[in-house]
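The structure under discussion appears below in the form of structure tokens.
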Amino acid sequence: MKALFFETRQDEKALIGQYASESDLSANLSDEILSMENVSLTAGYDAISTLGQSKLNRELLTALSDNGVKYITTRTVGFDHIDLQAAKELGIKVCRAEYPADGVAEFAVMQMLLVLRCYKPMLWRLNVNDYSLAGMMGRELHSMTVGILGGGRIGKRVAKILHGFGAKILVSSLEHDDELALIAEYCDNERIYAESDMITLHLPLLPETRYMINAETIAQMKDGVILINTARGELMNIEEVTRGIETEKIGALAMDVFENEQGIYHADRRLDILQNKDMVYLRQFPNVVMTPHMAFYTAENVRSMVYCGVNCLVQMEKGEKTHLRVV
Ligand code: COI
């Protein structure tokens, strides 16, 4: 099978080569984001692989199908950038990656600690030799109630870490997990909004979760609530979240993701005029910590993402079932 890998980062290249040669896959690599402008590159390939910036909508999938592409892997856990229904109708098989929950969970807890201990404004002060403490008083996790929206693998790992800190944990989830129930209390979103000092999002982006953090849900939260988002930017209505920061209803915010981050995050845009006004405006607040979608970015996870990106193509071609298949 011949596959073209898009969005390949330097740190992925040797791994793609290694796993491809081990599984007899002929892999070519491109740094480009796949779009209608460059879809002609895929002519003659049976398969492609992308990360999360290529928007595989119906138009692009149709063009891929016309070029003979039958298999797609996304080297990401999330698959909100792929129109799965269109892929199914076109007979294209799609598979996503899996990687351990630890990297993202640890990053989410790091963001909690950064905002709780005023790390960002302290860093600003240190840069100008201001060693004063005024305004830098923190809070401790063990005295807080943390609400986890989404009790899947990452939410559960976050709960386990927070349990070690002694925090009270509330979790809302469609599925029940006995082990999680030993350290967290299951409840509905409304109770999480009403009782949590800090709320962390660990949900996929679906039509029913899009913009779930909005003026209405923020109004139900405690004054000074802290929000942590390492999942997807589109879970938040950013205009209404920004209003929450401006009015101080939201006490602090940490976001590793941002709506319309594609083309900005993971690129050096130092000399460019950025068009994402919300992103640039929010970044200025001392109580807003923003990171460029890097919670996933650990050596362990990258290895797993590439492994899945290569091996799921091979498995799909052989007709083998893989638990990672989404179509
Ligand atoms: C994911 O795996 O879903 C991520 O968020 C990682 C990123 C490379 C898109």
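Bear in mind these aren't lab numbers, they're just calculated from the coordinates by the rules spelled out. Just so it is clear, the structure is predicted and the values come from calculations on it, not from any experiment. Positions of Cβ are generated from backbone atoms using ideal geometry, with glycine treated the same way; all protein chains shown enter the neighbour counts.
Below, the figures for the structure above:
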| quantity | calculated |
| --- | --- |
| Alpha-carbon centroid distance for the pair segment 28-63 / segment 282-311, whole angstrom | 22 Å |
| Convex hull per residue volume in Å³, alpha carbons only, for the chain | 150 Å³ |
| Using a Förster distance of 35 Å, the FRET efficiency for residue 11-residue 185 (Cβ separation, nearest 0.05) | 0.30 |
| Value of [θ]222 nm, deg cm²/dmol, for the chain, DSSP H segments ≥ 4, -39500 (n - 2.57) each, nearest 500 | -10500 deg cm²/dmol |
| Karplus-derived HN-Hα couplings along segment 295-300 (A = 6.51, B = -1.76, C = 1.60, θ = phi - 60°), whole Hz, x at Gly and Pro | 4, 6, 7, 10, 4, 4 |
| Residue 22-residue 102 FRET efficiency (beta carbon distance; Förster radius 30 Å; 0.05 resolution) | 0.75 |
| Gap separating the Cα centres of segment 70-125 and segment 171-218, nearest whole Å | 18 Å |
| Extension gain (nm, one decimal) between residue 89 and residue 131, 0.36 nm per residue minus Cα-Cα | 9.0 nm |
| Greater than 20 Å apart at Cα, pairs in 120/168; 55/93; 55/88; 168/222; 70/318 | 120/168 |
| Candidates 281, 131, 211: whichever shows maximal mean-square fluctuation once the chain is modelled as a Gaussian network with Cα springs under 10 Å | 131 |
| Anchor residue 13: lysines whose Cα lies under 17 Å away (excluding residues fewer than 8 positions away in-chain) | 2 |
